[in-house]
Structure formats: C-alpha cells, structure tokens
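Taken together, the values in this text are just the output of simple stated rules run on the coordinates, not laboratory data. This is a predicted model, so every value here is computed, not measured. Note: ideal-geometry Cβ built from the backbone for every residue, glycine included; neighbour counts use all protein chains shown.
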Amino acid sequence: MHVDLGTVLGTTPGLSEHTLEQLNGVVGQAHERIQHGRANSEHGYTALSLPDTVNLDQIRSAVSRFESPQAIVVIGIGGSALGAATLVDALGGEDDPPVHVLDNVDPDSIQSTLSQLPLQETVVTVISRSGQTAETLSNFLVVREAMKMADIDWTQQTLVITGESGNLSDLATQYSLPQLSVPDGVPGRFSVLSAVGLTIAAFLDIDVDAVVKGAADGEADLSGSIFETPGYAYGAVAHALNQRGAKINVMMPYAERLETFGEWFRQLWAESLAKDGVGQTPATALGATDQHSQLQLYRAGPPDKLVTLVRPATRDDIDIPETALAGLGYLNGESLGSLLDAEFEATEASLFAADVPAIRIEIDALDPHSLGRLLYEMEAACILFGELANISTFTQPAVEWGKRATRGLLRDASTAETETITDKQTFIIEWTASGSSPEALGLFCL
C-alpha cells in the first residue's frame, strides 16, 4: 500500500514540500502520545493493538458450531455492522451464502429480508457491546419471533457478540448461546479487526489470518514519520488541508467492491472527528460512476474539498470486444480494467487542473492482506487527525443525545431532550395526493 501526495502539492488549498517537513515534526509528537495510549491500554488507542490481541481461534471455534448455513443475518448498527459488511463486500465470493445486514429498523426492509430467508438454514449474528442498542435488539426480537413462528429453534442458530454484561450476555448465558466478546476499550467504529468484523468473514472462509497479517504489517510500520507510515501521512495531510479550507473529504474508490469501505470510512471520520465545531465532513463517491454525477461539483463548486482516490494495483479484467461503431475505435484492444484506470488517471488530473487537492491511495490487490492493511492505516490516520486537532476522538456525545431522546419518546418521559422535540417549531405545507401513488410522487418531484 502507498499514499501518493503528489497532487496535493501546488494546489489551493494545498501543501508544499517544506510544509510537509514541518508537519512531520508535529506528527512525531502525536505519535508518542498515541504510543503512550496503546502502552497503557487507554480507551480507543487499544484499537491499534488489535492485530496483537484478536483471538482468531475463538472466532473459528464459534463459527464451526454452525454447519453450512445457507444465509447469514448480521444484526447490528454503525460500527457493529459496517466493518463486517466491508469485509464481506470486498472479499466475499459468488458461491458464498448471502449475507443480510440488518442495520436499520425500516419495517418494509426488514419484512422484505425475512421473506427471502431460508430461516431453517439461517445463522443469526447479533452484535451490540451494551446489549441494549434499541435498533439492534428490536431487529433481533423480530427475527427471533419469525423463527419461533416457523417452529425453528432459534437458540441453535444464533451467535452473540457483545460485552461482558448486558441483555445479550445474559441471554447467551440463559440459552447457552455461543458468545464472542467485543474488545474492551475499542469503540465500535474501530472494531472491524476484532470478532465484531472478522466473525462474518470467517463464516465465508475469507482468510482472516491474512486480514490480520495485513493490519499487523501496518502496525509494524507505525513510526513518528509521515514518510514511513502511510496512514499517518494521510491523516496529517487531511488535517492540514482541513485547516486550509478543505472541510469536505470525498472518499472515492475505483472498485465497486470497496463501495462499502467508503461507508465504513464515512462513519469512522464523521463520528470520531466532529467535536466542538471542529471536523472534516466525509462524503462518499464511486469511480467511475460518480464522475458523471459529482465531479462537476468537485471541479467547479466551492473550493472546500479534498478528494481521496483509492484503487487496487491489480485486478481481474474483461476485454472489450472489437467494434466498428463510429467514434469508438479507441476502445479496440482495451479492457474494462484499462478503461477504469484511464478514468482514474483522468479524474486525478482533472482535479489537479482545477486546483482541487487529491490524495491517491493504492493497495496491491483486492485481497485479505491488502484490505486488512488499508483498514488499519485508515484507523491510524483517524486517530492521528484527532491528536493533531486536539479533540476527543473516541467519544460521540452528539450520538448519545439522540439515543436519550429516542428512549424518552418511547417511554413518554419528560426529559431535556424530549422537551426540545416538543418545543420545536413546525411549518407544514401539504398536498392533496396521498400515499405513494404516482400522483403523489409526481407532485413531490415538481
């Protein structure tokens, strides 16, 4: 894996080589703080030690209790789901059992998923550190009830990943369910390299040893220099550009199998770095698709963006058939891969020509080792950004406010949060068409 900062140099906002040298000294100090946090197992910093502490034998043992599932349901939300989904989407194979991630409580979506499942042959993995996450527990209860109604012994098809205490832990004890641990001191968005993310990968026979080895190689390269640590280089430059006005960071992989990685990055960056009016807004795009839907904004819109371009150096390919169609002769002898690479290079060049900073990240291939390395480096980048911004990277107080408000509404309780909801102003404009009829949709579009 490498990080190319070439197109950051000379753009506005941008950095000079002299600025990079100055930044390197500050990064050295931040690295010492990070290493101190790791050495003392401080909350959050322990995420960078997961390659050393994750117990893959325990994960494999838990998974081995379930023979040849025909479908896998992952019930979690945020970091309890996105890490697993990233590994599955990037590394899963066509012959693997389908993985359904229930990370929302939309009744239509849940009902649609349940109607597709071969419940008798489905493994349910429910993930919540506290064991009381409202969305996760609600979805679990719905799926469990569906199994009961189908006269299926849900206890034989359920795996729990949770903390040492709480509802899920108690349930696992009561029904002798296999249980894996959410690691102590690791926020959910940093937990992909633990049982939280790796268990579903193990179900699909993804090489989890190679994933962890890739992360361990990133750990071994952690140093106080941005010139030796790709993740630190990315985090430091993203922070410096943020200070210079690049308040939006667009994560744009050129591989559809990395689209969910972009969503994982978005949560990591947003929940970790947005504190006290500080932060960099993460956005997601997909190359080459979003060259046709978003690139106009990046090149000609407000000069407030950093674009991060990610691609594998090698990939499977498909030749483009020869054609005599007018104007398409330049495609003869090319492949879909060479076209996608040309799109990548053209996008990078177009951003540079428009004075928009871009960072290129290349991994060797879409394989377990490379993905493990990429995930680890992005976590290191995020933690370093937080250190340089002097914020509390591992907390999420704004999220907790929303959770308290939700609980208060459901309990019909009067709290500071629910009073804010009931006191807010409303200004309603109605239309006469109702429901999801074509008339209503047409009026909405107008």
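A few notes on this one:
- Taking a ≥ b ≥ c as the square roots of the Cα gyration tensor eigenvalues, segment 55-182 comes out rounded, since a/c falls below 1.5.
- Inter-part distance, segment 232-251 to segment 59-105, computed on C-alpha centroids, equals 32 Å.
- Table column - 3J(HN,Hα) (Hz), segment 279-290, Karplus curve with 6.51, -1.76, 1.60, x for Gly and Pro: x, 10, 6, x, 10, 10, 8, 10, x, 8, 3, 7
- Spin-label pair Leu409-Arg60: with each label point 7 Å from Cα along the Cα-Cβ axis, the two points sit 4.6 nm from one another.
- Sum of -39500 (n - 2.57) over DSSP H runs of 4+, divided by residues of the chain (222 nm, nearest 500): -14500 deg cm²/dmol
- What you get for the chain, charging only the Cβ of Lys and Arg (+1) and of Asp and Glu (-1), is a dipole of about 1320 debye around the Cα centre.
- Out-of-range pairs (alpha-carbon distance over 26 Å; input Lys305/Lys424; Lys213/Lys305; Lys275/Lys424; Lys247/Lys424): Lys305/Lys424; Lys213/Lys305; Lys247/Lys424
- Rg/Rh for the chain stands at 0.99; both radii use Cα atoms, and Rh follows the Kirkwood definition.
- Amide N proximity, segment 313-328 versus Glu256 label position 7 Å along Cα-to-Cβ, cut-off under 14 Å: 316-318
- When segment 1-89 is described by a simple charge dipole with +1 on each Lys and Arg Cβ and -1 on each Asp and Glu Cβ, the residue from Thr7, Val73, Ser49 located farthest towards its positive end is Val73.
- Calculated FRET efficiency for the pair Glu121/Leu325, C-beta based, R₀ 51 Å, to 0.05: 0.60
- Approximate spin-label separation Ile152-Asp316, in nm, with each point projected 7 Å along Cα-to-Cβ: 2.9
- Ranked by how many other Cβ atoms sit within 10 Å of their own Cβ, fewest first, the residues Tyr298, Tyr376 fall in the order Tyr298, Tyr376.
- Among Phe427, Phe203, Phe66, the largest mean-square fluctuation in a Gaussian network model of the chain, built with springs joining Cα atoms closer than 10 Å, belongs to Phe427.
- Size of charge dipole - segment 12-90 - debye, nearest 20, with Cβ of Lys, Arg +1 and Asp, Glu -1, no other charges: 260
- Simple spin-label estimate for Gln111 and Arg244 gives 5.3 nm between the two label positions (7 Å along the Cα-to-Cβ direction from each Cα).
- Placed amide H near Ser335: partners under 5 Å, 5+ positions off or other chain: Ile320
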